[in-house]
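The values are calculated or read from the model by the stated rules, or taken from the named source; none is laboratory data. What you see is a predicted model, and the numbers here were worked out from it, not measured in a lab. In this analysis, Cβ positions are derived from the backbone assuming ideal geometry, glycine residues included, and neighbour counts consider all displayed protein chains.
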């Protein structure tokens, strides 16, 4: 379901249509270009450095299609009321939030150490306290 805004400011969306005189067959949001560039660089570095895939046509095809798929899936959540920064922040908050343990998963309890009170000066004897 798509909602149309009656506000002209929200209707104008930064779209990249291609070079002058040679428009693309589909409009691309300007934000999607920057997000796609970041995803593409991260994917390329990950595939080269972590998975040790040598530079070849296969790597380029994987990076291009992986970038396109990841960018489309990410940009589904971006709209004028939820900019890219808000979507990234909510994703990080979701990843960092504590989760309930799954059934059957062992639970680790961390006990706090016993508190020791320290006083400055000599410790009073039992008779002095009475």
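Condition check: under 20 Å from residue 15 (Cβ atoms), without any contact (Cβ under 8 Å) to a residue 40 or more places away in the chain and in a helix (DSSP H, G or I). Does residue 66 satisfy that? In short, no. Per the conditions (1) surrounded by 12 or more Cβ atoms within 10 Å (Cβ to Cβ); (2) at pLDDT below 95, the sole criterion not satisfied by residue 40 is (2).
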